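Q: Take a look at this one; I'll ask things after.
We did not get these values from a lab; they are worked out from the coordinates using the rules stated. Everything numeric here is computed off the predicted structure, so don't read it as measured data. Using ideal geometry, Cβ is built from the backbone for each residue, glycine included, and neighbour counts are taken over all protein chains shown.
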Amino acid sequence: MAQVVDGKKLSEEIRTEIREQIEKLGRGRPRLAAIRVGEDPASKIYLRNKRRACEQTGLDSIQLDLPAEIPEQELLAQVQRLNDDPSVHGILVQLPLPDAIDPAVVASTIRVDKDVDGLNPENAGRLLANQPAHYPCTPLGCIEILDRHAVQIQGAAAVVLGRSEIVGKPVALLLLHRHATVTLCHSRTRDLPSVVREADILIAAVGRPRLVRADWIKPGAAVIDVGINRVEGKLIGDVDFEGAVERAQLITPVPGGVGPLTITMLLRNTLQAFEIQTRPDRS
Ligand code: NDP
């Protein structure tokens, strides 16, 4: 029977560490600015949770709510204003954006050292090159879960399902830099069950409810389920949890697994941005 990760509890522990670090620095408070465009209900909930998490951890947060019809140029001007504001240390533009706005252009406009979601191509390139940068929050949360449960990454066979810019690719790179042997799967992967059966570490980030069957799980594997799927009003993951929990050594539930870590890693990225931007020796 697997150990079931308590993502909320782990998040609380890390948030306490962040609060203590902010107090110890004694240089004021990191400030996170969030931009929401339009009225997407899920975005409203995420941002409310992010705001609460900031308050609880000692970060300042501000939020700009912009209308869905805003021209791209005007949104970029708002981002630029936050780039130039020295009281703002981290900027996030909540996805999804309206169709008329290109998220890649927006990500490229966010100043690299304030890009706490790690979506600016320069930060993505630094991740590829294994250089210090802001890395995307959900992949960081996956690694944090593995580390804090003493799962050995070095030498492990890690299988990542999903190749998005925000989860699949960056988590594959983080695992690779930690010396896992990584297989990155997607919708055209042939014979997915056979590939998954080899995984010591499985990261599922697909968005298909219970795609991963229990008998695909290698006995003793660590299973990180990033997927969030709403089925008959309930949230479930990409992994058949009830079956997989019998075979895995470690497994994250949905909800209450990776989700809380994502926001916590955003707070940590914002603290790091603050530390860098307010370093006394910074010219
Ligand atoms: P995307 O939709 O951007 O990517 C999904 C990936 O899954 C694609 O690479 C796609 O392949 C692949 N895929 C789709 N169907 C299959 C299949 N049958 N077999 C194998 N691979 C398949 O999703 P995201 O990466 O943005 O998100 C993934 C999931 O994680 C979602 O459920 C999302 O809600 C959740 N999520 C959770 C977060 C959290 O904090 N817990 C944060 C971010 C996301 P292809 O590239 O070939 O199309």
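Q: Please give every one of the lysines within straight-line cross-link reach of K8, meaning a C-alpha to C-alpha distance under 19 Å, and leave out same-chain neighbours fewer than 8 residues apart.
A: The reachable lysines, counting only those whose Cα sits under 19 Å from K8, are K50, K234.
Q: Less than 11 Å Cβ to Cβ from Q152, Lys/Arg counted +1 and Asp/Glu -1: what total charge do the surrounding residues give?
A: Details: positive: R178; negative: D147, D200.
Charge balance near Q152 sits at -1.
Q: Choose one answer from I70, I236, I22: the residue with the largest mean-square fluctuation in a GNM of the chain with alpha-carbon springs under 10 Å.
A: Of the options given, I70 has the highest mean-square fluctuation.
Q: Evaluate the Debye formula for segment 194-279 with equal point scatterers sitting on the alpha carbons, no solvent, and hand back log10 of I(q)/I(0) at q = 0.12, 0.16, 0.17, 0.22 Å⁻¹, in q order, two decimals.
A: -0.42, -0.63, -0.68, -0.95
Q: Which whole-number percent is the relative contact order of the chain (Cα, under 8 Å, 6+ apart)?
A: Values: 551 pairs, mean separation 61.5, N = 283.
Worked out over the chain, it gives 22 percent.
Q: While we're looking at this one, here's another question. Once you have a ≥ b ≥ c as the square roots of the Cα gyration tensor eigenvalues for segment 28-112, tell me rounded if a/c is under 1.5, and otherwise prolate or oblate according to whether a/b is larger than b/c. Kindly include the intermediate steps, with their values, before the conclusion.
A: Working: a/c = 2.34, a/b = 1.29, b/c = 1.82.
Because a/c hits 1.5 or more and a/b fails to exceed b/c, segment 28-112 counts as oblate.
Q: For n ≥ 4 DSSP H runs only, could you compute -39500 (n - 2.57) per run for the chain, divide by its residues and tell me the 222 nm figure to the nearest 500? Spell out each step's value before the answer.
A: On the way: 10 runs with 115 residues, N = 283.
My calculation for the chain gives -12500 deg cm²/dmol from helical runs alone.
Q: Sticking with this one: State the antiparallel share, in %, of DSSP beta bridges confined to segment 143-283, rounding to the nearest 5. Kindly include the intermediate steps, with their values, before the conclusion.
A: Details: 3 of 19 bridges.
Restricted to segment 143-283, the bridges split so that about 15 percent are antiparallel.
Q: Okay, moving on. Round to a whole angstrom and tell me the spacing of the C-alpha centers of segment 166-201 and segment 220-283.
A: Comparing the Cα centres of segment 166-201 and segment 220-283, I get a distance of 17 Å.
Q: Continuing with the same structure: If you place +1 on the Cβ of every Lys and Arg, -1 on the Cβ of every Asp and Glu, and leave all else neutral, what size is the dipole of the chain about its Cα centre, to the nearest 20 Debye? It would help to have the intermediate numbers written out before the result.
A: Values: 35 positive and 37 negative charges, 83 e Å.
Here the chain has a charge dipole of around 400 debye.
Q: Then there's this: Assign unit charges at the C-beta atoms only (+1 for Lys and Arg, -1 for Asp and Glu), then state the dipole size of segment 28-112 relative to its Cα centre in Debye, rounded to the nearest 20. Working shown, then result.
A: Details: 10 positive and 12 negative charges, 114 e Å.
Rounded to the nearest 20 debye, it is 540 debye.
Q: Compute the projected area of the convex hull of the Cα atoms of segment 137-259, averaged over all viewing directions, and report it in nm² to one decimal place.
A: Values: hull surface 27.1 nm².
So the Cα hull casts an average projection of 6.8 nm².
Q: Evaluate Rg over Rh across the chain, taking Cα atoms for both radii and Kirkwood's formula for Rh.
A: Numbers: Rg = 19.0 Å, Rh = 19.5 Å.
Result for the chain is an Rg/Rh of 0.97.
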